[in-house]
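Encoded as structure tokens, the structure appears first; notes follow it.
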Amino acid sequence: MELKDILAISGHGGLFKFISQGRNGIIVESLADKKRISASATAKISALEDIAIYTDVEEVSLADVFTSIYNKEGGNQTISHKSSSNELKSYFEEVLPDYDKDRVYVSDIKKVLNWYNILQSLDMLKPSEKEEENKEEEKSAE
């Protein structure tokens, strides 16, 4: 799962793929409709690989959360981000039991689940061969 070039841009729904550096910002392509836009240098742009979720102990990377959801759902779609607040919280607690309930808001959970479903529908969540090798090494070391 490569999240390096996948971006979330504040004020724009959905996810974007980094294409190139422009004169006044960056050029991105929407994952949904493949349209390219220029994102201003002043826009709040976040790479998904840089996002982490607060837990009671440490921060957990978004990739690890996606992997946990992927394993729970067997690689299929998860619940809708439009589900009720209580459903979203209880689902997220199943996926990440020790998430910090004071700092992770329902709006954050909605984004994570929406992003997961977008990436899953585009078949971008399969674990990479390197991740599979690391898991095998960990199992053999035990």
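Just so it is clear, none of the values below were taken in a lab; they were calculated from the coordinates. Everything numeric in this text was worked out from a predicted model, so none of it was measured. Cβ coordinates were reconstructed from backbone atoms using ideal geometry, including for glycine residues, and neighbour counts include every protein chain displayed.
Considering the alpha-carbon set of the stretch 6-48 alone, what are its Rg and its Dmax in angstrom?
9.1, 25
Given the rule -39500 (n - 2.57) for each run of at least 4 DSSP H residues, summed and divided by the residues of the chain, what is its mean residue ellipticity at 222 nm, to the nearest 500 deg cm²/dmol?
Working: 4 runs with 52 residues, N = 142.
Counting only the DSSP helices, I get -11500 deg cm²/dmol.
How high is the relative contact order of the stretch 4-109, in percent, with contacts defined as C-alpha pairs under 8 Å that are six or more residues apart?
Normalised by residue count, the contact order of the stretch 4-109 is 19 percent.
Determine how many Å³ per residue the convex hull of the Cα atoms of the chain encloses.
Numbers: hull volume 18.7 nm³, N = 142.
So the per-residue Cα hull volume is 132 Å³.
For the residues Tyr70, Tyr105, Tyr91, what sequence is obtained by ranking on other C-beta atoms within 10 Å, fewest first?
Values: Tyr70 20, Tyr105 11, Tyr91 17.
Going from least to most buried by this count: Tyr105, Tyr91, Tyr70.
Taking 19 Å as the cut-off for C-alpha to C-alpha distance, list the pairs among Lys34/Lys82; Lys72/Lys101; Lys4/Lys126; Lys82/Lys111 that go past it.
Beyond 19 Å: Lys34/Lys82; Lys72/Lys101.
What percent of all Cα-Cα pairs in the stretch 52-127 falls into each 10 Å bin, going from 0 up to the bin containing the maximum distance?
20, 58, 22, 1
Suppose each label sits 7 Å from its Cα in the direction of the beta carbon; what would the Asn24-Asp100 distance come out to in nanometres?
3.7
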